[in-house]
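For reference, the structure discussed in these notes is given below.
What follows draws every value from the coordinates through simple rules; no lab data is involved. Please read all numbers here as calculations on a predicted model, not as lab measurements. No Cβ is skipped: glycine too gets one built from the backbone with ideal geometry, and neighbour counts run over all protein chains shown.
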Amino acid sequence: MSHRVVAVSILALSFALAACSQEPGAANGPGETTPEQATAPTPVYAAPTEQPVDPFTYANYRQIRVRHLDLNLDVLFDEKVLDGVAVLDLDYVDSDATVLVLDANDLDIKSVEANANGEWSAAPFTLGPDDPIKGSALEIELPDMAARVRITYRTSSEAEGLQWLAPEQTAGKEHPFLFSQFQPLYARTMAPLQDTPAVRITYSAKLKTPPELIAVMSAAQDPDATRDGDYSFDMPQPIPAYLLALAVGDFGFKAINDHIGVYAEDYILDASAAEFEDTPKMEEAINALYGPYKWGRFDMIVLPPSFPFGGMENPRLTFLTPTLIAGDKSLTNVVAHELAHSWSGNLVTNSNWRDAWLNEGFTSYVENRVMETLYGEGRAVMERSLDLASLKRTVAEAERPELTALKMPADLAHPDDAFSQVSYAGGMFFLKFLEARFGRDAFDPFLRGYFDHFAFKSVTTEDFLNYFENNLWANNPDAVTKEEIDAWVYEPGIPDTIEAPTSDAFAKVSAQENLWLAGEILAADLKTDAWSTHEWLHFLNALPDGMMVEQFADLDGAYDLSNSQNAEIAFAWYMKAIAAGYEPAMAPLDSFLMSVGRGKFIYRLYAALVEHDRRDWAAEVFARARPGYHPIAQRRIEEIFAKAD
Ligand code: BES
Ligand code: ZN
């Protein structure tokens with residue numbers, strides 16, 4: 001506490017000094033300057049005058065921008081394809097442009113028409129060679145200033161952004177299920193479009209499904225829609241293509257309040273609504289800090305276990321893994337995280353995957369503030385402490401040092417590489433550093449101003465730094481140095497200015513752990529009664545290499561960790577068990593890998609199995625589990641095996 005008081009008074013002093021020397025800059029958009037700035041010294045961080053090219057798109061979005069997408073699709077479960085028509089409304093940035101280049105991946109394009117002066121006519125098109133990451137360029141020749149194009153197409157049954165589940169792969173076992181996952185570049189496997197976060201579109205859609213199923217999208221929809229197989233959607237707010245989303249299946253809905261609710265298969269619907277009952281309070285917490293939620297409804301859908309992520313921030317309809325339903329709300333930081341994306345990411349979007357930390361780091365920061373507001377500093381510190389441990393591991397294991405600075409290198413091989421703990425935890429700790437140096441009284445309104453200023457825009461790291469310089473740093477120039485900022489944003493490794501979290505609760509866990517490791521107490525004597533999931537995770541992650549099989553057996557006998565129903569705890573335990581060759585965990589690990597498709601767990605488990613001489617065992621499990629995994633997960637795990645060969 002006294003620490004906080006000192007920080008505030010130093011801040012007040014530097015504020016007074018700053019006020020004499022420098023006026024705060026106005027809230028500028030990228031590239032604009034004010035008269036004050038024109039006379040002031042050259043800005044340290046200049047905003048880019050034009051947005052950088054996104055290397056992961058073919059789209060010629062600097063000449064023509066798609067403004068609106070209208071989809072009319074039949075959902076054909078027998079063939080595992082979407083079949084129909086996409087109409088794109090165009091805005092010309094360059095009025096001389098005569099070719100529209102779109103992203104497409106595995107799409108079967110039947111015909112393309114263009115509308116100029118109110119008339120539809122066939123438009124010549126070519127589909128370029130298939131790149132393993134980017135897919136193909138769909139080049140369309142446009143008659144003069146065509147305002148719209150209409151593309152008749154079908155998706156492939158192998159589309160990487162769609163997972164088609166057979167009835168047996170659902171909990172209900174009676175109906176098939178379809179869900180999408182389009183971040184970072186799979187929207188182009190669902191429709192031809194400009195698949196870059198630099199471009200935002202509104203969309204409308206009609207989906208035709210088997211009449212007994214319900215369809216939902218990341219959009220507004222009629223809450224009283226009858227289950228008849230005919231569904232309409234409208235997303236009036238401009239979003240990047242990666243936030244398009246759909247799910248079709250046999251699931252129910254339970255309201256949490258008048259604008260928040262959850263969709264899930266029957267078996268887990270009540271449990272999901274109970275697990276996520278604090279979501280309204282989370283929303284209030286963020287509203288109070290950064291201004292009102294702008295997207296109307298915030299619904300969630302709990303997907304089948306093959307969903308490859310913990311959560312995905314599809315606007316108005318967050319997608320979640322069922323592994324969050326732990327029964328004790330201990331994993332709901334993921335809900336706080338996806339909700340936080342409604343500000344950081346969905347409202348203000350990274351314009352390039354090199355700037356992914358603007359989405360994920362800001363969101364992890366807001367997430368942690370929410371956890372602090374709802375559950376107290378103790379829990380927030382534990383979560384940061386676990387994050388720091390995994391950030392350290394990520395930095396230590398990084399393939400290239402360039403991947404350990406917040407701004408990702410220009411030659412990023414795949415957008416996925418931008419989504420490591422560096423962007424998440426590194427970004428969060430950078431903002432924690434700024435928060436500490438400038439104080440919450442200045443930092444909170446600053447961040448709110450940033451979300452307002454860039455709302456519904458796509459921005460780069462440099463846009464942020466320029467805004468920061470003018471709207472926070474200028475008011476308190478001594479709070480940080482350029483060297484300190486650069487170390488976080490542009491230089492590899494974890495800067496020594498990090499605000500390292502210290503958790504008293506974790507210190508107690510470590511004390512117990514050390515007694516047990518020293519053989520002074522038995523596992524059963526550990527005082528675990530009041531341990532939360534977080535304390536268990538801290539305990540498990542700190543288990544040293546080279547532990548004896550007998551020690552594993554002692555822990556397992558006392559706490560049945562091999563069969564933990566908490567996916568995070570089970571995962572942490574299996575990682576240690578694999579490294580130490582603790583056999584009794586292998587059968588439960590087999591069932592875990594057969595029933596959970598969340599990438600964060602299974603990629604590392606397969607990699608650890610391969611590394612610790614269980615390649616054949618892992619390959620045999622993978623052969624059985626593979627058909628149930630999401631296409632994204634299948635590819636990632638194949639890469640893990642291929643790398644080891
Ligand atoms: N946007 C991400 C998920 C994502 C990242 C999808 C990269 C595709 C590519 C989502 O918001 C997220 O970060 N989910 C995390 C949860 C979070 C609490 C760290 C996850 O899935 O574990
Ligand atoms: Zn996220």
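List of remarks:
- Label sites at D74 and Y267, each approximated as a point 7 angstrom past Cα along Cα to Cβ, lie 3.2 nm apart.
- Neighbourhood net charge (11 Å Cβ-Cβ; Lys/Arg +1, Asp/Glu -1) for A285: -3
- Beta-bridge orientation, the chain: approximately 75 percent antiparallel, per DSSP, counting only bridges with both partners inside.
- Relative to one another, the C-alpha centroids of segment 178-207 and segment 295-369 are positioned 18 Å apart.
- Kirkwood Rh in Å, taken over all unlike Cα pairs in the chain: 26.2 Å
- Here L303, L185 are placed in order of increasing Cβ neighbour count within 10 Å, fewest first, which gives L185, L303.
- Value of relative contact order over segment 51-249, rounded to a whole percent, pairs C-alpha under 8 Å and six or more apart: 24 percent
- DSSP-assigned coil residues among trypsin sites (Lys or Arg not before Pro) in segment 460-557, each with at most 16 further Cβ atoms within 10 Å: K527
- What you get for the chain, charging only the Cβ of Lys and Arg (+1) and of Asp and Glu (-1), is a dipole of about 420 debye around the Cα centre.
- Dipole of segment 504-644, positive direction: furthest Cα of M548, Y582, V621, with charges on the beta-carbon: V621
- Cα point-scatterer Debye curve for segment 504-644, base-10 log of I(q)/I(0) at q = 0.12 Å⁻¹: -0.50
- Each other residue within a Cβ distance under 11 Å of A171 adds +1 if Lys or Arg and -1 if Asp or Glu, for a net charge of -4.
- Using a Förster distance of 45 Å, the FRET efficiency for A166-E483 (Cβ separation, nearest 0.05): 0.20
- FRET efficiency for R393 and A288, using Cβ-Cβ distance with R0 set to 22 Å, rounded to 0.05: 0.05
- Cβ-derived FRET efficiency at R0 56 Å, E491 paired with E174, nearest 0.05: 0.50
- Between segment 95-122 and segment 530-603, the Cα center-to-center distance that results, in Å: 53 Å
- Across segment 504-644, C-alpha contacts under 8 Å between residues 6 or more apart give a mean separation that, scaled by the residue count, equals a relative contact order of 18 percent.
- Taking the fewest neighbouring Cβ atoms within 10 Å as the starting point, the ordered list for F276, F419, F456, F539 is F456, F419, F539, F276.
- Segment 197-291: GluC sites (Glu not before Pro) in DSSP loop, at most 16 other beta carbons within 10 Å: E212, E277
- Available extension along the chain between L127 and D328 is 67.3 nm, counting 0.36 nm per residue and deducting the alpha carbon span.
- Entries in K173/K208; K281/K432; K254/K576; K294/K392; K329/K643; K329/K527 that, when Cα-Cα distance is taken, lie over 32 Å: K254/K576; K294/K392; K329/K643
- Residues whose amide H lies under 5 Å from that of A220, counting only those 5 or more places away or on a different chain, are D234, M235; hydrogens are built 1.01 Å from N in the peptide plane.
- Mean residue ellipticity (222 nm) of the chain, computed from DSSP H runs ≥ 4 via -39,500 (n - 2.57), nearest 500: -11500 deg cm²/dmol
- Residue-count net charge about T189 - beta-carbon cut-off 10 Å; Lys, Arg +1, Asp, Glu -1: -4
- Taking the Cα centre of segment 437-489 as origin and assigning +1 to Lys and Arg Cβ atoms and -1 to Asp and Glu Cβ atoms, the resulting dipole is close to 180 debye.
- If the chain linking A46 and A623 were pulled fully straight, counting 0.36 nm for each residue of separation and taking away their Cα-Cα distance, it would gain 202.5 nm.
- Nitroxide proxy distance, nm - points 7 Å out along Cα→Cβ at D444 and A116: 5.7 nm
- Over the chain, relative contact order from alpha-carbon pairs under 8 Å, at least 6 apart, %: 13 percent
- Cleavage-rule hits (GluC sites (Glu not before Pro)) in segment 48-120: DSSP loop, at most 16 neighbouring Cβ within 10 angstrom: E50, E79
- Length added when fully stretched, I498-E639, from 0.36 nm per residue minus Cα-Cα: 47.4 nm
- Residue exposure proxy: K329, K281, ordered by other Cβ atoms within 10 angstrom of their Cβ from fewest to most, comes out as K281, K329.
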